[in-house]
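The block underneath contains the structure these notes are about, expressed in structure tokens.
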Amino acid sequence: MSVEYKDYYKLLGVSKDASQDEISKSFKKLARKYHPDLNPDDKGAEAKFKEANEAYEVLKDPEKRKMYDRLGPNWQHGQDFQPPPGFENVRFHFGGPGSGGGGASDFSDFFETIFGGMGGQFGRGGGRGGFQDFSSRPRRGQDSEAALELSLEEAFRGGEKVITLQERMSPGVTKDLKVNIPKGVREGAKIRLAGQGGPGAGGGPDGDLYLRITMAPHPHFSLDGNDVVHDLALAPWEAVLGTKVRVPTLDGEVDMKVPAGSDSGRKMRIKSKGLGAGPKRGDQYVRIVIKTPDKLSSEEKKLWKQLAETSGFSPR
């Protein structure tokens, strides 16, 4: 049987040195264009969808991509089933969309010959050419990662949160999970949910799901590392004479005394009202922002002019 070499990079429309992100974006674009559900009764679109899926199945995985790159167009010269150097103990499992539940029947002859000729899994072993069936070997599922957006209040207080996840193997089916948010969790931290990742194979355990924390924009606060910053607007006379105001924190409002003569940009600290935990717990900083009136009555204008004439203060 003659098996034609398939250029997976060309099928996805990317260069050979394309990044994993470029490969993923290109596949998603093609999948949306040629998906059978969006192209009913179009055999050509279905064929292109299968080709894109086959190419992505290899190029998305660094080990599979590395072997494909090593074999290349001249793969038939090494078809006595002798893996290239460095792959003596490599074992591949091919599942995912279009794989028919783990077999390679939905892929091309080229794919099956190179990767899936022994039920979709192979390794170095006995028999002609050193290939051996490892289809019954338990394999752990792949870990997954997803973003979990929190408000600053949720991150500050921590506690239990219910999230809804899409079932990986059942499109349209969702499940609810309870997640324990650590108190003071900061942006970029990851929360591990054991057994909620990709499904295992051959009786192997499921992978884990990692939730990467992101912070939702807040109308009153911004972050500076673990510190929380709040801009406090003051009238000019409040900044000059001093005042007492209530300011918001992630833990409720507190009273704060603003000293007389406070300049715009001055920061006042409220201890331990930031994110983080223990000795790395951040603070909240209240930053003074002096606001001036944009509309003045004739009487107000007269008073400001009188102040300007009598004051000996110079800001420059």
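Only the coordinates and a few stated rules stand behind these numbers; no lab work does. What you see is a predicted model; the values in this text were computed from it and never measured.
Under a no-solvent Debye model with one identical scatterer per Cα of region 144-215, what's log10 I(q)/I(0) at q = 0.23 Å⁻¹?
Debye intensities relative to I(0), on a log10 scale: -1.04.
Which of the aspartates and glutamates could be linked to K43 by a straight reach, that is with a Cα gap under 20 Å, when you skip same-chain ones fewer than 8 residues away?
E51, E54, D106, D109
Pairs to check: K178/K271; K25/K50; K190/K257; K66/K175; K10/K33. Give those whose C-alpha atoms are more than 28 Å from each other in this structure.
Listed pairs above 28 Å: K178/K271; K190/K257; K66/K175.
List the pair-distance distribution P(r) of region 222-310, using every Cα-Cα distance, as the percent of pairs falling in each 5 Å bin from 0 up to the bin containing the longest distance, rounded to whole percents.
Spelled out bin by bin, region 222-310 gives 3, 13, 20, 18, 15, 12, 7, 5, 4, 2, 1, 0 percent.
What's the percent breakdown of Cα-Cα distances in region 177-287 across 10 Å bins, shortest bin first?
12, 32, 24, 15, 9, 5, 2, 0
Given an 8 Å cut-off on Cα distances and at least 6 residues of separation, report the relative contact order of region 217-316 as a percent.
Over region 217-316, the number comes to 29 percent.
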